[in-house]
Amino acid sequence: MRHSKKRHKLGRSAPHRKATLAALGSALIAHKRITTTVAKAKALRPYIEPLITRAKEDTQHNRRQVFRRLQNKDAVSTLFTDVSEQVGDRPGGYTRVIKLGRRSGDGAALAMIELVDFNDVQPETESSSGGRTRRGSGKGRRRKKATTTAPAADEQKPPDQAEAAADEAPAVDEAAADEVSVDEATEVEEATDKDAVDEKAEGAEAKKAEGEEEEAKDEQVKDEDDTDDAKASK
């Protein structure tokens with residue numbers, strides 16, 4: 001029966017779990033702040049805090065007991081010198097666990113565990129930052145539209161802006177004049193093209209009339225020749 005056996009197993013065997021907690025504890029003592037999963041952070045708190053309590057009394061027995069758990073001489077010396085001095089008379093609660101959201105790879109819940117006395121300023125978490133959307137991994141943040149009011153008249157503008165507006169006005173007139181000149185040029189080109197077409201049409205009609213006159217003359221000459229031949233035969 002599993003009475004009083006509710007502990008953080010971490011999906012590992014007992015030796016593997018002890019080695020994992022020892023490595024996490026040594027890293028926390030060395031760096032004063034580490035990032036891991038929520039399950040490991042919760043399992044590390046009851047593992048490391050009794051060792052910090054032992055470090056308040058620097059004795060040979062306490063050092064051996066801490067080394068039996070951590071298996072790291074540098075971590076033990078740092079714990080009994082720097083950490084114990086910084087902890088002082090704090091009765092407990094030496095660590096703090098702050099959730100950081102989920103990991104992008106496997107979706108595991110992340111958390112940061114730190115020593116309270118070495119990090120008095122609480123860092124900003126994902127929930128307190130706000131403004132992030134569900135899509136795009138929080139990259140697309142919503143921006144508030146800034147409302148600006150324009151001056152009602154030119155009198156409200158500073159003299160520099162009034163002069164700039166006066167300088168811009170002639171440029172607009174010149175642009176309008178250029179547009180008008182371009183329109184006039186296009187109209188002139190269209191008129192000249194129309195005149196050329198009309199001249200070509202008139203030339204073609206004149207040539208046609210001349211051809212008809214020549215044909216009429218040829219027929220008249222032919223008729224005269226026929227009459228002369230008829231008279232000669234008689």
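When we screen K32, K56 for residues that are surrounded by 15 or more Cβ atoms within 10 Å (Cβ to Cβ), modelled with pLDDT under 95 and on the phi > 0 side of the Ramachandran plot, the only hit is K32. Residues in the stretch 74-102 that are of a type in the set (S, T, Y) and either closer than 11 Å to T53 by Cβ or under 46 Å from the mean Cα position of the chain (by Cα) (or both): T78, S84, Y94, T95. Do we have any residue at all in the stretch 28-49 that's more than 43 Å from the chain's Cα centre (by Cα), assigned to a helix (DSSP H, G or I) and without any contact (Cβ under 8 Å) to a residue 24 or more places away in the chain? Taking every residue of the stretch 28-49 in turn, none turns out to be more than 43 Å from the chain's Cα centre (by Cα), assigned to a helix (DSSP H, G or I) and without any contact (Cβ under 8 Å) to a residue 24 or more places away in the chain.
Residue by residue, here is whether (1) within 21 Å of L10 (Cβ to Cβ); (2) part of a helix (DSSP H, G or I); (3) among the hydrophobic types (A, V, I, L, M, F, W, C) holds:
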residue: R69; (1), (2), (3): yes, yes, no
residue: F80; (1), (2), (3): no, yes, yes
residue: R90; (1), (2), (3): no, no, no
residue: G93; (1), (2), (3): no, no, no
residue: V97; (1), (2), (3): yes, no, yes
residue: D106; (1), (2), (3): yes, no, no
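Scan the stretch 60-90 for residues that are open to solvent by 20 Å² or more (accessible area, probe 1.4 Å) and β-branched (V, I, T) and the total you get is 2.
When E85 is tested against (1) of a type outside the set (S, T, N, Q); (2) in contact (Cβ under 8 Å) with a residue 24 or more places away in the chain; (3) over 26 Å from L100 (Cα atoms), exactly one condition is not met: (2). One residue alone among A111, A22, A39 is among the aliphatic types (A, V, I, L, M) and open to solvent by 50 Å² or more (accessible area, probe 1.4 Å), and that residue is A39.
Flag: A19 does not match the condition of being in contact (Cβ under 8 Å) with a residue 24 or more places away in the chain and at negative phi.
The values are calculated or read from the model by the stated rules, or taken from the named source; none is laboratory data. Worth saying up front: this structure is predicted, and the values here are computed from it rather than measured. No Cβ is skipped: glycine too gets one built from the backbone with ideal geometry, and neighbour counts run over all protein chains shown. Surface accessibility is based on the protein's heavy atoms, side chains included, excluding ligands, DNA and RNA. Shrake-Rupley method; radii C 1.70, N 1.55, O 1.52, S 1.80 Å.
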